[in-house]
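K.L.:
One structure, as structure tokens, below. Some questions next.
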Amino acid sequence: MKLAVGICGASGAMLGLKFVSKIWARDDLEIFLVISNGAKKTLLYENNIDFESLNAPNPLLQDLYKSKIKILDDLNLGECISSGSFGIDAMAIIPCSMNTLAKIACGISDTLITRSAIVCLKERKKLLLAPREMPLDSISLNNMLNLSKEGVVIAPPIMGYYSSASSLESMEDFLIGKWLDILNIKNSIYKRWG
Ligand SMILES: Cc1cc2nc3c(=O)[nH]c(=O)nc-3n(C[C@H](O)[C@H](O)[C@H](O)COP(=O)(O)O)c2cc1C
């Protein structure tokens, strides 16, 4: 399965990195990761992860660079996932900023993340968005509704308590497991109900 993953500049960009870290060793997945400049800023402010600094790289980032994931530049619209003919099977944007949500809802494709999302729409491939904002304005809610009507799965990082998660990490695992379920990627990351 060819899976594109976008990480945008909403709060919790780290969750996007954790999402890929759970699946980057899998042989059944070819993963194309794009991290927006906005996400790089939130990762710096929220997690002290500096993409520019070579002196004190974050361990997760080091593992990411060592993994077989293909990391693509959000400003390079010539990358493989920009074209429908490349054959991406699904895309997840975790987290999705209101900015990127609005662009996709309007058909604006000026970054690799927005372009790839719109390719998923036109090719009728699965697109999962995890929008993160609180509270939500009517513009963003309308954008989500319009995209949902186009078949996009709107799956925000909203906590569920039935998995009896006892830590932030296990709550994040619950979210990641749910997102993987939606993408039809088998996993046993979280405790299911029943
Ligand atoms: C620390 C920080 C937290 C942010 N949190 C959010 C957020 O939760 N949701 C959101 O939509 N935008 C948030 N933003 C604003 C986005 O980063 C900004 O709109 C940016 O242009 C998004 O770019 P992108 O869509 O290309 O990733 C945040 C910005 C910063 C610096």
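The values are calculated or read from the model by the stated rules, or taken from the named source; none is laboratory data. Predicted model, so just to flag it, every value in this text is computed and none were measured. Note that we place each Cβ from the backbone using ideal geometry, even for glycine, and neighbour counts take in every protein chain shown.
K.L.:
Checking I31 against (1) surrounded by fewer than 21 Cβ atoms within 10 Å (Cβ to Cβ); (2) within 14 Å of the ligand (Cβ to nearest atom); (3) β-branched (V, I, T): exactly one of these is not met. Which one?
P.N.:
I31 satisfies every listed condition except (2).
K.L.:
Given the criterion surrounded by fewer than 20 Cβ atoms within 10 Å (Cβ to Cβ), basic (K, R), within 16 Å of the ligand (Cβ to nearest atom) and within 22 Å of P131 (Cβ to Cβ), identify the matching residue among K103, K41.
P.N.:
Numbers: K103 fails: surrounded by fewer than 20 Cβ atoms within 10 Å (Cβ to Cβ).
Result of the check over K103, K41: K41.
K.L.:
Here's something else I'd like to know. Mind listing just one residue for me: the one in region 106-139 that is buried (at least 19 other Cβ atoms within 10 Å of the Cβ) and hydroxyl-bearing (S, T, Y) and, of those, nearest to the ligand (Cβ to nearest atom)?
P.N.:
T111
K.L.:
Follow-up question, since we're still on this one. Which one is nearest to the ligand (Cβ to nearest atom) among residues in region 140-151 that are within 18 Å of the chain's Cα centre (by Cα) and over 11 Å from L101 (Cα atoms)?
P.N.:
S148
K.L.:
Within 16 Å of the ligand (Cβ to nearest atom) and buried (at least 19 other Cβ atoms within 10 Å of the Cβ): is that true of I71 in this structure?
P.N.:
no
K.L.:
I've got another one for you. Would region 117-126 turn up any residue that is out of contact with any helix residue (DSSP H, G or I) (no Cβ under 6 Å at 6 or more places or on another chain) and among the aliphatic types (A, V, I, L, M)?
P.N.:
yes
K.L.:
Looking at region 3-24, which of the residues that are in a loop (DSSP other than H, G, I, E, B) and within 14 Å of the ligand (Cβ to nearest atom) is nearest to G84 (Cα to Cα)?
P.N.:
Per the criteria, the residue is C8.
K.L.:
Same structure again: All but one of (1) assigned to a helix (DSSP H, G or I); (2) of a type in the set (V, I, T); (3) under 15 Å from K22 (Cβ atoms) hold for I189; which doesn't?
P.N.:
It is condition (1) that I189 fails.
K.L.:
Take S188 and tell me if it is of a type outside the set (K, R) and in contact with a Ser or Thr (Cβ under 9 Å, 6 or more places away or on another chain).
P.N.:
On the way: of a type outside the set (K, R): yes; in contact with a Ser or Thr (Cβ under 9 Å, 6 or more places away or on another chain): no.
Against the criterion (of a type outside the set (K, R) and in contact with a Ser or Thr (Cβ under 9 Å, 6 or more places away or on another chain)), S188 does not qualify.
K.L.:
Within region 138-149, is even one residue assigned to a loop (DSSP other than H, G, I, E, B), within 22 Å of I35 (Cβ to Cβ), in contact with a Leu (Cβ under 8 Å, 6 or more places away or on another chain) and modelled with pLDDT of 95 or more? Break it down into steps so the answer makes sense when it comes.
P.N.:
To start, the set of residues in region 138-149 that are assigned to a loop (DSSP other than H, G, I, E, B) comprises none.
No - not one qualifying residue is present in region 138-149.
K.L.:
For region 82-96, state whether one or more residues are within 23 Å of L175 (Cβ to Cβ), surrounded by 17 or more Cβ atoms within 10 Å (Cβ to Cβ), among the small types (G, A, S) and touching an Asp or Glu at 6+ places or on another chain (Cβ under 9 Å).
P.N.:
no
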